[in-house]
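The structure follows.
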Amino acid sequence: MAKNPKAADSRRGRPPTRRSQPRRAKAAPVASSSAGDIEDMAPAVPGASAVLRAQLLRWYDAHRRELPWRRASGGEEERAYAVWVSEVMLQQTRVPVVVGYYERWMARWPTVRSLAAATQEEVNEMWAGLGYYRRARFLLEGAKQIVEKGEFPRTASALRDVRGIGDYTAGAIASIAFNEVVPVVDGNVVRVISRLYAITDNPKESSTVKRFWELAGQLVDPSRPGDFNQAMMELGATLCSKSKPGCSGCPVSSHCQALALSLENPSVQVTDFPRVVPKAKPRSDFAAVCVVQIAQGLEEEVTDAKGNDNLFLLIKRPEEGLLAGLWEFPLLLVDEAKTDLLNRRKAMDKYLNKLLSINVRQKSDVILREDVGEHVHIFSHIRLTMYVELMIINLKDGVDRQCQKEDDSTKLKFINESSMESMGLTSGIRKVIVTKVFTI
């Protein structure tokens, strides 16, 4: 997980911190880029950090949101697992969406050992709809790694050795579950610290990120590190929001340099902090997508209880790379200059012929073929335009034989419409599903 926080603004609840003797980290997660600069940004009033901590924790105790992962019971390892699952789910996803997923996940896999026994397919199905499936893969791989070693890591340093756990997640688990005195820095904490110290530097630059970690380390409460970290995130997710900060109700407004500047100078706004950095323009990709529907040659055992015998062909993506291990309709990337119907169909025909030995030029195989729409899906770095067509075909060899023909590097699946809802499909393909394809 990157050191530069990318978490969504609407964060963050964690299980209550155990009141054991806090353990101080042996070293900060990252070093300061310039000790002198950081000292300049430290609170000018002696004891200000202690006052700020007390004010923030008092507010948190009275106003924290009631969320399921905050009610996690059991020992330290059970709480650590709950923190881990909720933290990963909350990356790029808002709290209201996560709640239901978290509860279903914990009902099925209540411990790290139970998760380690799951398959990637099962995990993807449970994750369906949350997006960013790489998170689910890292959870499973990390659980297997922990179980193999025999114990849950208890320090931020040791947690960073687990697959998929970066500085932020390590700090959250270590401070909340094991009471280690370490900071956390996510998007909410960046916003709070930027305003407390009126930091105008680019929040994406590595030197600024190091400053955030250093300042967070100076602020973290030595007796209640987990609760303090949660309070910082809670403040950023609620009162200290991105566009409409509630400064009048903020428990630490008296320490906020951004607020002080805004009161002195009408041209300065609290929302000027942190500095907004324009996002890089995503590259444009183009894809031909063919929804292949099987019309005949269906065996009884593949039809569902409602008599829905429409089967659709799904292809499993490679286990590495973008959207690894997820299922999708046959999809091919095409050059922008070849997005016309003729070139797209020519490329798709070649692909299907190799994959299924379907010769689409023979009318006896193809019953219907038509374009059904164009859809755009935005990834963090890619703008994918999908040109979608529907093709209804006969399979002379039957479904079973087609599955047996699959290449070793490719996996095929024929599935009915009702079963797709629980599958680990790519988010772009889910957009295709809601088109008129399934009203034929």
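The values are calculated or read from the model by the stated rules, or taken from the named source; none is laboratory data. Only a predicted model underlies this, so the values are computations on that prediction, with no experimental measurement involved. Keep in mind that these areas ignore ligands, DNA and RNA; they rest on the heavy atoms of the full protein, side chains included. Shrake-Rupley method; radii C 1.70, N 1.55, O 1.52, S 1.80 Å.
Enumerate the calculated ³J(HN,Hα) couplings along region 166-173 in order (Karplus 6.51 cos²θ - 1.76 cosθ + 1.60, θ = phi - 60°), each rounded to whole Hz, writing x wherever the residue is Gly or Pro.
In residue order, the calculated couplings are x, 4, 5, 4, 4, x, 5, 5 Hz.
Right, something else. What Kirkwood hydrodynamic radius do you get for region 45-160 when you take the inverse of the mean 1/r over all pairs of distinct Cα atoms, in Å? Display every interim value, and only then the final one.
Details: mean 1/r = 0.0631 Å⁻¹.
One decimal place: 15.8 Å for the Kirkwood radius.
Report, by chain and number, residues whose modeled amide H sits under 5 Å from the one on residue 372, excluding near sequence neighbours (fewer than 5 apart, same chain).
Placed amide hydrogens put 388, 389, 390 under 5 Å from residue 372.
I've got another one for you. Skipping prolines and chain starts, which residues have an amide H placed within reach, meaning under 5 Å, of the one on residue 311, given they are 5 or more residues away or on another chain?
For residue 311, the qualifying residues are 294.
With every protein chain kept in place and ligands, DNA and RNA left out, what is the accessible area per residue of region 183-226? Probe 1.4 Å, answer in Å².
On the way: 1120 Å² over 44 residues.
Roughly 25 Å² per residue, with all protein chains present.
Moving on to the next point. Quick one: Karplus J couplings for region 268-276, per residue in order, coefficients 6.51, -1.76, 1.60, θ = phi - 60°, nearest Hz, x for Gly and Pro?
Karplus values, whole Hz, x for Gly and Pro: 9, 10, 4, 6, 6, 10, x, 4, 7.
Quick one: Cα centre-to-centre distance for region 57-100 and region 245-260, in angstrom?
What the calculation gives is 25 Å, centre to centre.
So what does the Cα-only Debye profile of region 180-268 read at q = 0.17, 0.18 Å⁻¹, as log10 I(q)/I(0), no solvent term?
Those come out to -0.71, -0.79, one per q.
Okay, moving on. Would you mind telling me the share, in percent, of accessible area of region 125-230 contributed by carbon and sulfur at probe 1.4 angstrom? Can you show the working numbers first?
Details: 1370 of 3120 Å².
Carbon plus sulfur share of accessible area: 44 percent.
If you don't mind, another one. Once amide H atoms are placed 1.01 Å from N in the peptide plane, what residues at a sequence separation of 5 or more from residue 130, or on another chain, have their amide H within under 5 Å of its amide H?
Those lying under 5 Å, H to H, from residue 130: there are none.
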